[in-house]
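Following: one structure in structure tokens, then a few remarks.
The values are calculated or read from the model by the stated rules, or taken from the named source; none is laboratory data. Remember, predicted model here, so these are calculated numbers, not experimental data. Here the Cβ is made from the backbone with ideal geometry for all residues, glycine too, and neighbour counts use every protein chain on show. Only protein heavy atoms, including side chains, enter the accessible area calculation; ligands, DNA and RNA are left aside. Shrake-Rupley method; radii C 1.70, N 1.55, O 1.52, S 1.80 Å.
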Amino acid sequence: ASVTVNGNTGTLQVGGTITNSGIFDVTAGTLEFKGSSPQSFSGNLFVGNAIKNLTVSNTNLTVSGAAVPLNITGELAFGAVSNADFKTGDNVVLVSTATATARVADITNGGTRTGNKFTGKVTVERYYPARRSWRLVTSPLSNTGSIFSNWQESAPATYVPGRGTFITGPTPTGAGGNGLDWSVQNQYSIKGWRASDGTYVNIGNTISTNLSSTASNAANIGYYLFVRGDRRRGLFDNTIIPNENETTLSSKGNLQTGPQTFGIESVAGTYTLIGNPFASSIDFTKITKVNINPRRFYVFDPRLGTIGLFVVMEDLSNLGLFTPTVQTGSTQRNFIQSSQAFYVQTTI
């Protein structure tokens, strides 16, 4: 048999268990679990192990099946439920493609619900088009493990098209050493930021450097990363100018939910790099801003110039409408995307 949930408004509600020996297609619709007793399901029930939208309306929902991914391409949300525990089984993937990036919706359901949470890790993807450029990036997760095991895919021996990226630096020793990849330019392609003196810090070991921290709040870290494309070697090596192609970076860890508080440098005029902590876009006008300029933030637009340019975003009218004031060709506005990082400036 075949069951297809059609369109953006199509929803199938499940109150019990699901078994499937036919075709179950939810790639364009919504699946909502709303049983009154614990429910579980596996990603392999669905076409492509994928559903577009998942709504959790059961207080005890589990993704089962060892190492079976559940690919969500649209929205992961909680319904009209409080104190719900969505157990991911470490198998949930928020997919990112050229056309869309999956997101976690407001888990409070508009502020009417409390106590909803995720147990287990989630993989968050971010798609990047074919353009060699610097980017301000982050992983909206805590407890991710190393940069090497995430954005470099642990340097797989077999080339996987469209996955991961080369992260390079001088004296690279690869998987058996510092994790860095070789490049013709022999330069660092990932840097951290030291706000105390406004300095980029080269990352010389991606195996010993974690992508995020294990803190209980605001664990994600912003990075300045040069993305060439995926981990292609040979005739079309992405470390050789001008070759480039599209790729998707993945990171696996614990989703950050609830208020996230980032510290800033105390000296007026200094800049702090902040990574969007959520697997969803955020509106800069909705962020609580203490001792920083509330009408200005800074991003890096990879589509401008040769390898990207910094963009100053300002609310000139004081109406909450941010527009670029220096690099006017940028399409950046109020919203900071999932996996995007940005700068703020201290005013005290």
#### Entry: Debye, to nearest 20: dipole size of the chain, +1 on Lys, Arg Cβ, -1 on Asp, Glu Cβ
140
#### Entry: Phi-based couplings in Hz for the stretch 228-240 (Karplus 6.51, -1.76, 1.60; Gly and Pro marked x)
9, x, 7, 9, 7, 10, x, 4, 10, 4, 6, 8, 9
### Task
Skip the ligands, DNA and RNA, and give the accessible area per residue of the chain with a 1.4 Å probe, whole Å².
44
### Query
For labels at Ser21 and Ala215 in the simple 7 Å Cα→Cβ model, what's the distance in nm?
5.3
### Query
What FRET efficiency, computed as 1/(1 + (r/R0)^6) with R0 = 35 Å and r the Cβ-Cβ distance, is obtained for Val184 and Thr331, rounded to the nearest 0.05?
0.65
### Rounded percent of accessible protein surface that carbon and sulfur make up, the stretch 243-348, 1.4 Å probe
54
#### Entry: Those aspartates and glutamates that a straight Cα-Cα span of less than 19 Å connects to Lys121, excepting residues fewer than 8 apart in one chain
Glu75, Asp85, Asp90, Asp106, Glu153
### Query
Build a GNM of the chain with springs between Cα atoms under 10 Å: which of Ile23, Ile190, Ile282 gets the top mean-square fluctuation?
Ile23
#### Entry: Label point distance in nm, Arg194-Ala268, each placed 7 Å from Cα along Cα→Cβ
2.6
### Query
Which residues make up the longest stretch of the chain clear of chymotrypsin sites (Phe, Trp or Tyr not before Pro) that lie in a DSSP loop with no more than 12 other Cβ atoms within 10 Å, not counting the sites?
1-158
#### Entry: Mean separation of Cα contacts under 8 Å, 6 or more apart, over the residue count of the chain: relative contact order %
14
### Query
What FRET efficiency comes out for the pair Asn205/Ala98, r = Cβ-Cβ distance, R0 = 30 Å, nearest 0.05?
0.40
### Query
In whole percent, how big is the carbon plus sulfur part of the accessible area of the stretch 1-155, probe 1.4 Å, protein atoms only?
48
### Message
Can you tell me the length gained on complete extension of the stretch Asn293 to Ser40, counting 0.36 nm per residue apart and subtracting the Cα distance?
### Response
86.4 nm
#### Entry: Förster radius 22 Å - calculated FRET efficiency between Ala67 and Lys286, Cβ distance, rounded to 0.05
0.05
### Task
Find which of Pro129, Val104, Thr119 sits farthest along the positive direction of the dipole of the stretch 83-146, computed with +1 on the beta-carbon of Lys and Arg, -1 on that of Asp and Glu, about the Cα centre.
Pro129
#### Entry: Net charge of neighbours whose Cβ lies under 11 Å from the Cβ of Ser330, counting Lys and Arg as +1 and Asp and Glu as -1
+1
### Message
Take the residue pairs Lys87/Lys289; Lys252/Lys289; Lys87/Lys191 and return only those whose Cα atoms are more than 31 Å apart.
### Response
Lys87/Lys289; Lys87/Lys191
### Message
Along the Cα→Cβ direction, 7 angstrom out, place labels at Glu153 and Leu319. What is the inter-label distance in nm?
### Response
4.7
### Task
Pull up the DSSP beta bridges for the chain and report the antiparallel fraction as a percent, rounded to 5.
50
